[in-house]
Amino acid sequence: MIIFDLQCICGVQFEGWFNSRDDFDRQHAEGKVLCPDCGSEKVRKILSPVSIHTGSQATEAVPSHLETGASSALQFLRSFQDFVEKNFEDVGAKLAEESLKMHYGVEEPRNIRGVTTAEQEKMLRDEGIELLKVPLRKKETGPKLN
């Protein structure tokens with residue numbers, strides 16, 4: 001059994017449970033994967049949020065080669081977030097507005113990041129603008145405890 005996070009063109013996000021990836025692909029091609037809200041077949045897979053827990057209790061039972069993998073993944077995510085923060089302007093809630101300005105040549109293209117509502121995401125997709133949604137870790141505040 002495999003679970004995919006799915007999103008409809010109407011913006012609704014939901015889970016789909018399938019026997020395999022091939023099972024999803026077959027059902028999707030046959031128009032059987034439908035939005036539970038609006039009934040549309042225009043559904044796509046989206047990235048699933050990932051959580052990595054590193055703590056003494058969680059890692060004690062984990063084989064060392066998997067612990068190293070989790071540590072590497074966490075290090076990669078930290079590096080990726082640092083890269084995004086240093087190289088993309090945070091436009092906050094104006095992401096949709098700024099994206100449209102660049103898309104239609106009102107402003108020069110630049111790297112931006114921010115937040116959108118489901119309605120704004122749908123509108124941007126309808127305009128031909130694709131967004132990459134990236135889950136970012138919470139910033140550490142205060143002294144780091146190990």
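Quick note: the coordinates plus some simple rules give every number you see, no bench work behind them. Just so you know, these numbers come straight off a predicted model, no measurement behind them. Neighbour counts are summed over all protein chains in view; Cβ atoms, including those assigned to glycine, are modelled from backbone coordinates with ideal geometry.
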Separation in nanometres of the label points that stand 7 Å from Cα toward Cβ, at Val106 and Trp17: 4.6
The range 2-46: proportion of alpha-carbon pairs further apart than 11 angstrom, %: 59
Förster-model FRET efficiency, 30 Å R0, Phe88 and Glu30, C-beta, rounded to 0.05: 0.15
